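Computed from the coordinates by the stated procedures, all read-outs in this text should not be read as laboratory data. Please read these numbers as outputs of a predicted model, since none were measured by experiment. Cβ placement follows ideal geometry from the backbone for every residue including glycine, while neighbour counts extend to all protein chains displayed.
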Amino acid sequence: MTDHAADRAFRFCPQCAGSLTSQQIKAGDPSRLVCDRCGFVFYLDPKVAVGTIIRMDDDGIVLCRRAINPGYGRWVFPGGYVDRGEMLEEAAIREAREECGLEVVLEGLVSLHSYRGRTPIVIVFAARAVGGELKVADEESLEVRTFTAETIPWGDLAFDSTDEALKAYLQRPRG
């Protein structure tokens, strides 16, 4: 099994400052970083991200054109990392407000995404805008606008999870 690419970024134990080396602890498991001095195992856990597919009153779907890498210049729904101790739903609402200026009400789970060799687990919610003003609200977006299902820029989406979640959202029954 291959080591995580991030293994090379961590060299010292957070408990005793001993050297970390990559070792296979159990057969069949990936290699882990283990302290040569105290035996501490440094697990490289995934990061959790949320995304919010926001429907406007005119049924438009909000997308943001990214001003940061990865995916610079490509389209994505509002989203970002969940802070330690933050509820998933709170993070989704916060990210919508921070990235596109909208207050939203969540309407349910759309999809979950994880990919071999990639750090984030992405959890995507459906939401409805209930307030605020649609605008570029932070430095992470170049542009924010709405799209109909027919005008979504499918060939210019930032991530596989963006494409997959939008398709899942559009296939959902509307009530």
Pairs returned, first residue in the range 148-175 that is touching a residue at least 40 places away in the same chain (Cβ under 8 Å) and closer than 19 Å to TYR72 by Cβ, second residue that is acidic (Asp, Glu) and part of a helix (DSSP H, G or I), beta-carbon separation under 7 angstrom, 6 or more apart or interchain, are LEU157/ASP163
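Hey, can you tell me all the residues within the range 143-175 that are in a strand (DSSP E or B), of a type outside the set (Ser, Thr, Tyr) and under 28 Å from ASP83 (Cα atoms)? Steps first, answer last, please.
Taking the range 143-175 first, the residues in a strand (DSSP E or B) are 143-147, 157.
From what is left, the residues that are of a type outside the set (Ser, Thr, Tyr) are 143-145, 147, 157.
Selection gives GLU143, VAL144, ARG145, LEU157.
Yes or no, residue by residue, for (1) free of Cβ contacts under 8 Å to residues at least 40 places away in the same chain; (2) in contact with a helix residue (DSSP H, G or I) (Cβ under 8 Å, 6 or more places away or on another chain):
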residue	(1), (2)
VAL62	no, yes
ASP83	yes, yes
MET87	yes, no
ARG118	yes, no
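Out of the range 107-142, which residues are assigned to a strand (DSSP E or B), β-branched (Val, Ile, Thr) and crowded, with 16+ Cβ neighbours inside 10 Å? Please lay out each step first, then the result.
So the first thing to find is which residues in the range 107-142 are assigned to a strand (DSSP E or B), and the list is 107-113, 120-132, 141-142.
Subset that is β-branched (Val, Ile, Thr): 110, 121-124, 130.
Matches in the range 107-142: VAL110, ILE121, VAL122, ILE123, VAL124.
Would you pick out the residues in the range 69-91 that are under 15 Å from ALA137 (Cα atoms) and in contact with a Ser or Thr (Cβ under 9 Å, 6 or more places away or on another chain)? Steps first, answer last, please.
Within the range 69-91, the subset under 15 Å from ALA137 (Cα atoms) is 76-80.
Selection gives VAL76, PHE77, PRO78, GLY79.
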